[in-house]
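The values are calculated or read from the model by the stated rules, or taken from the named source; none is laboratory data. In this text, all values refer to a predicted model and were calculated from it rather than measured experimentally. Backbone-built Cβ (ideal geometry, glycine too); neighbour counts: all protein chains shown. Side chains are part of the model used for accessible areas, which takes the heavy atoms of the whole protein and leaves out ligands, DNA and RNA. Shrake-Rupley method; radii C 1.70, N 1.55, O 1.52, S 1.80 Å.
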Amino acid sequence: MKVTSRDIALSVESTCNQIIYAMATYQKCPLGGRVRADLIVSVDQLHERLGHLLACLARKHGEER
């Protein structure tokens, strides 16, 4: 199965949605809680993944042109 820029774009969208959900949950958590700290770590990891996916998308887009 060949990965296309569309496939990568779907992964970008999914990762963005996960970040949105985590930030919405963060806003509802009480201050100073363990959950808030865990959410920040999670968002940081998702942010790293998003950067990687965007670089992949740019490369794949260039290949498909």
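What does the chain give for Rg and for Dmax, in Å, if only its C-alpha atoms count?
15.0, 49
Would you mind getting the accessible area per residue of the chain, heavy atoms of the protein chains only, 1.4 Å probe, in Å²?
Per-residue value: 77 Å².
With +1 on each Lys and Arg Cβ and -1 on each Asp and Glu Cβ, and nothing else charged, work out how big the dipole of the chain is about its Cα centre, in Debye to the nearest 20.
40
Measure nothing fancy, just the Cα-based angle from helix 34-64's long axis to the longest principal axis of the chain, in degrees from 0 to 90, nearest 10.
Compared with the principal axis, the helix lies near 10 degrees.
Within the set of other residues whose C-beta is less than 14 Å from the C-beta of Val41, count the net charge using Lys and Arg as +1 and Asp and Glu as -1.
0
Per-residue counts of other Cβ atoms within 10 Å, averaged by peptide: what ranking do you get for 54-64, 25-35, 5-15, highest first?
5-15, 54-64, 25-35
As I understand it, the value is the acute angle between the Cα axis of helix 5-28 and the longest principal axis of the Cα atoms of the chain; what does it come to in degrees, rounded to 10?
10
So what is the relative contact order of the chain, in percent, for Cα pairs below 8 Å that sit 6 or more residues apart?
49
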